1. With the requirement that a residue be of a type in the set (Gly, Ala, Ser), crowded, with 18+ Cβ neighbours inside 10 Å and in a helix (DSSP H, G or I), what does the stretch 370-408 give you?
2. Within the group 126, 157, which residue is at pLDDT 95 or above, open to solvent by 40 Å² or more (accessible area, probe 1.4 Å) and among the aliphatic types (A, V, I, L, M)?
3. Out of curiosity, is residue 67 assigned to a helix (DSSP H, G or I), open to solvent by 10 Å² or more (accessible area, probe 1.4 Å) and touching a Pro at 6+ places or on another chain (Cβ under 8 Å)?
4. Where in the stretch 542-590 are the helices (runs of 4 or more DSSP H), entirely inside, with at least 3 residues that are of a type in the set (S, T, N, Q) and open to solvent by less than 50 Å² (accessible area, probe 1.4 Å)?
5. When residue 330 is evaluated against the numbered criteria (1) surrounded by 22 or more Cβ atoms within 10 Å (Cβ to Cβ); (2) under 30 Å from residue 415 (Cα atoms); (3) at pLDDT below 95, which criterion, by number, is the only one it fails?
6. Only one residue in 439, 514 is in contact with a Leu (Cβ under 9 Å, 6 or more places away or on another chain) and either within 18 Å of residue 562 (Cα to Cα) or part of a loop (DSSP other than H, G, I, E, B) (or both). Which one?
7. Pairs under 6 Å by beta carbon, first residue under 10 Å from residue 325 (Cα atoms) in the stretch 238-258, partner among the hydroxyl-bearing types (Ser, Thr, Tyr) and outside any loop (DSSP other than H, G, I, E, B), six or more apart or different chains?
8. Within the stretch 612-670, track down each residue that is more than 24 Å from residue 599 (Cα to Cα) and among the polar types (S, T, N, Q).
Amino acid sequence: MSTPVVAEKKKSLITPRLLVALILLSAGIAISSQVAQMYTPDWASESLAIAGNLPYLVMFLALILGNIYPEWISSKHIVLVTSASCIATFCSHHAFLDIFDNFVTSRTAAAPYPELMGWYLGPFDITYINQLNLGGLLKVPWKVWIPTLTWWIIYTIVWHLFNLSFLSIVRRRWVEIEMLPYPMSYEFTIPIVAAAPERRLKGLLPERRFKFYLAGLALGFFYMWPPVLKYIIPWLPDLYGWSNTSIYISWILGAYNTGAAPALGSRIIALYYIPTNVAVYVMYMLMPLDILLSAWVVALSTIVLVQILYLRGYYSGAATMPDGVDRFFYIGTSEPLKLFAVHTGMFLGLTAMWLILNWRYIARTIRSAIAGPTSEELEREAIPHRVAWIIFAGCVVLLLLMYYAAGTGWLGAVLLVISWFLISTGGARVFGLTFASGVTDRMYLTAIPELPFMKLAQQGIVTREMVNTLWLANRPTGLLALSSTYIAMWYKIAKDTGVRTRDIFIAMLIASVVGALVAFPVTLKIYYRVGLSYTIRGNAEGWYIPWHVYPGWCTGNPAIWPWWKQFLAGVALTGILSYLRMRFIWWPIDPVGAILGLGAIPFMPIWQGATYLDPITPFVAWIIKYLVIKLGGVRIHDELFIPLTAGFAVGAALAWTVGGIAAIPRYIIG
């Protein structure tokens, strides 16, 4: 008789003292993150250079303390505090303060939007909005703001619980069976493991990987420092030329605009820009070879296809557009391909196809939930499947009720939950193989929720349900729902560092709840004192209203309506690629790589803008990574190349952090 496999028991590190530390840390990071965003100039990674990189600073500080006091602080403690700081920053998709920006514009936009946008966007009395915007007050009229703050605090916590629960259900499949690498995780696991306090306790020096990591960090920092310094001291020479917006795209760092070279841009119309930023190439080198291969093959094939269509008379206006990104939007929304619709279908189909192809795994977790947890499940999983499914179902119900209360109507509420489930889960999966959250730029996000309003939009009619559904379908929800990416990554890091899965769950849960409870009221208090419009960042993203909610948004995004055929073609393409990838081990094109090839939104540590149909970066990264493995072997790749590139990416990010901090006094003093 075979003996059943029993999961190895791991001792929990969650003690009352550590709980208090995690609560205090989460509160401190949540406050620091919002203040940092307020006072970081927009050029510093869209005001995220300090806030978004706080987890790295926490990790390095914890590593130093751990090596000074190795008998008290272990590598597992460092993982827990760093994961909590990562979640508590609320910087997974865009600036958290976007929400407050829209409190102002929701009530100051042209009619009819101030009357139609729901109460969750602040009081209707313009007096209180002006107080938020202009500041100068010591007291906040809390009674007026409590309904709005309560809605957003609950909304934040519910989306984090939604992700924590569902990702705990798929965690074993993704992390232990499929072994998704989560490339960004290298930036944390390498220093935490290679310079672990446990090694110091045994009298051992850090592993050699740590030296390469630090070397990469220094290289990345000094490579990125010249453009950072140029922003701080404008009269300095521009060594890379990136500040010349006549030839470089201003919001994609180092992207040479092919429209500036008519001989190139007017001939290859779908080659929008040429990346010159080495840091972006380095980030790609952390991705798996098959993802890089898939990305450049799909991107190049699409460029060739668009070029053929152009020669046959389509996209005739593209050749005269001087800006490569303008051509991107024109080609992406226009006949015959309507690439944005195809791309949206591919991405939203990713989660759906994974669930279909892995239905047995999902069914097994449901059976486990019905039967009750085994001792192995209690030890192995973050929470028992029964608890996870109950939390997940409860979050779905709460989201439906909250959306309806916000003014979306029941149909809008249902479509919002479905849409963001596909986006958040798909984003977590894409992040497992890339540095991107998937297809999460603003023009893709409203595809499903906008469908019931299409006829009204074509007639130019604006309704309460339309504007609230469209607004909640876009970036503001992404700020919270795309926490899925970091949550999934920390489940992976917990496995790699030997941290108990339940401990990492508790750390992230504390960060989510405490961070939400602290961030909203403290931010409101600060704005009432100094004024939103008087911070360095100012009202950077208030343009969401009316831009994201007017009728033309429906009819023009993700492509010019009708686009459902192209959307379904994208879903089908992901389904075919997913099946082939699962069925045949030799099949080279991965659906995630294909999605990346058409474009995606990269995450921190280096916010460089979106990638748009770029075959060059993945091709160069693929060639270099392939040669390293071919000539140096897996050992050189794992022990030298990956630590060096991971360190480079972090170093380049920290250059912007230092630059953002250095620039604050100049902006405040004027």
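The values are calculated or read from the model by the stated rules, or taken from the named source; none is laboratory data. Model, not experiment: these values are computed from the prediction. Ideal geometry is used to build each Cβ from the backbone, glycine not excepted, and the neighbour counts take in all protein chains shown. Ligands, DNA and RNA are excluded from the accessible area calculation, which covers all protein heavy atoms including side chains. Shrake-Rupley method; radii C 1.70, N 1.55, O 1.52, S 1.80 Å.
1. 388, 406
2. Values: 157 fails: open to solvent by 40 Å² or more (accessible area, probe 1.4 Å).
Every option except 126 fails the conditions.
3. yes
4. Helices (runs of 4 or more DSSP H) meeting the threshold: 564-583.
5. With (1) surrounded by 22 or more Cβ atoms within 10 Å (Cβ to Cβ); (2) under 30 Å from residue 415 (Cα atoms); (3) at pLDDT below 95 applied to residue 330, the lone miss is (1).
6. Of 439, 514, the one residue that is in contact with a Leu (Cβ under 9 Å, 6 or more places away or on another chain) and either within 18 Å of residue 562 (Cα to Cα) or part of a loop (DSSP other than H, G, I, E, B) (or both) is 439.
7. These pairs meet every condition: 249/273; 257/273; 258/273.
8. Listed by number, the list holds a single entry, 657.
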